[in-house]
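Have a look at the structure below, then the notes.
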């Protein structure tokens, strides 16, 4: 089945007021294009879930789209803070965001349980520290074989998962290489999956390298073709991380005025991703384009 | 070689690198630990096995990674795996020899706070949170803490224990059944703290020109001092040149 549609259509059909949502990616493959479309559509009251909410989650918070954040590390990686999040979560904030926090392995375990069809996931963690004390979802269980006490977290089933990949076919068979983050667990845990592809390829290309498929099309509801949809994040083999932007973001986002001005110019002020790309500094994308490091491939013969 | 004296960051990166042995499997965190690991690999520990939380296993990055998810960690790595494999098969399975952490607050037991300053429900400052730090502190066989000293960072009691040290709310690691070995050293800009048999931090090394009184003044609890305090060496000109010109030319961490 051909599931190809525009980002606008995929978001409108899948993300509703009050939805729980993951735009996944661990520094790699973070689909900023999806976050910006959600902001433009004015969707509210989201439960935004990700191990590492970064700039695009902060933008969703600043735009008023998020009611609750479920996370394990919230910052501008390698640079500094998420300022909209801080403005909404410190004692001085007038309107507080609801936070539910884990460590990375804890939140990942919630997704593992969700992806495996189990009610909970055990992990050897959380003894002694204060995280379990502020999060009632973290409980313990006694192992029936060894008697050891283990921490547990409940399964998580996000309403929508948005997975950016290097290439996919129109059915949503998605191939990923480089850093894999928790994309597989997020996709299988979710109720609905949107695949966003850097490159759209015929199914024969997917079939030539089946080990590379991270997300099978049978769990995918929409496929969007959105090259450069991850800028300023990166896509291995396609383009580098725009580190200068992450550094500049610290200044843009510290004051609400400059933050709002940026959102006006690059999110509200454009129709779609093409509009965003057209507003970037001329020549920037060429400087970010990846230098080729092609692997030789493997033999699937028998 | 004519080189200006080492800065605090350079001293810490160099001293931290001395903790790494050739062949150690190290879970590399961002910031100074990242620099220390890459320095060790470029000098005395060419076989250092670097694992990054992002999924890169046996990474040999060509450039200093700006974040722990830099694309240069992938290129030429021995393996790239999902994060579930990193946390379950590498960390929880007990394969990590050395972990590195820093934070906003540390106490005498090596407990670390990266969650909030102030009350959890009404924080004065909201910090990033645990990330993988809590599980690194639980599972690594040796944990190195790298932090600048000051009364606001070396505190009597952490506002929040994100990553457990040797003693948490009166309970020891053994009592809590924690698999890893806990903190072995705190490397600071003034000197180095070891941990005694009870799990308490003890000043054991000083940088040239730093006095015990200076260190005590920068510590928020009555700091114990070892009977004989060793002098920490300093990076030589060749190491400083390597740090400044090759490993961190853009001064991301130095």
- Note on segment B:8-245: contact order normalised by length, alpha-carbon pairs under 8 Å, 6 or more apart, percent, works out to 17
- Note on the structure: Mean-square fluctuation maximum in Gaussian network of chain B, Cα pairs under 10 Å, restricted to B:183, B:61, B:71, hits B:71
- Note on the structure: proj_area_mean for the protein assembly as shown (convex hull on C-alpha atoms), units nm², value 26.9
- Work out the mean other chain Cβ neighbour count within 10 Å for the residues of B:161-172 and drop it here as an integer. 3
- Taking every residue in B:90-103, how many Cβ atoms of other protein chains lie within 10 Å of its Cβ, on average? 1
- Item | segment A:250-296, Rg to Rh (Cα coordinates; Rh as Kirkwood inverse mean 1/r) | 1.17
- Peptides ranked, highest mean first, by Cβ atoms within 10 Å: ranges B:169-177, B:237-245: B:237-245, B:169-177
- Determine the relative contact order of chain A: mean sequence separation of Cα pairs under 8 Å and six or more apart, normalised by residue count, in whole percent. 20
- Message: Could you sort the peptides A:168-179, B:201-212 by per-residue average Cβ neighbour count (10 Å cutoff), highest mean leading?
- Response: A:168-179, B:201-212
- Could you please tell me the mean projected area of the C-alpha convex hull for chain B, averaged over all directions and given in square nanometres to one decimal? 13.9
- Antiparallel DSSP bridges in the protein assembly as shown: what percent, to the nearest 5? 40
- Roughly how many whole Å is it from the C-alpha centroid of segment A:61-123 to that of segment B:28-96? 25
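Quick one: compute the contact order of segment A:120-162, relative version, from alpha carbon pairs under 8 angstrom and 6+ residues apart, as a percent. Provide the component values of the computation, followed by the final result.
Working: 46 pairs, mean separation 19.1, N = 43.
Relative contact order comes out at 44 percent.
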- Mind checking which of B:37, B:219, B:89 has the largest fluctuation in a GNM of chain B, springs on alpha carbons under 10 Å? B:89
- Centre separation in Å (Cα based) which lies between segment B:151-169 and segment A:175-192: 35
- Message: Using Cα springs under 10 Å in a Gaussian network model of chain A, which residue among A:204, A:185, A:226 shows the largest mean-square fluctuation?
- Response: A:204
- Query: What is the ratio of the Cα radius of gyration of chain A to 2.2 N^0.38 Å, where N is its residue count, to two decimals?
  - Reply: 1.02
- Query: Expressed as cubic angstrom per residue, what is the convex hull volume of the alpha carbon set of segment A:9-142?
  - Reply: 135
- The alpha-carbon center of segment A:1-46 and that of segment B:192-239 are separated, in whole Å, by 52
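None of the figures in this text is laboratory data; all of them are computed from the coordinates on show. Only a predicted model underlies this, so the values are computations on that prediction, with no experimental measurement involved. With ideal geometry, Cβ positions are generated from the backbone for all residues, glycine too; neighbour counts draw on all protein chains shown.
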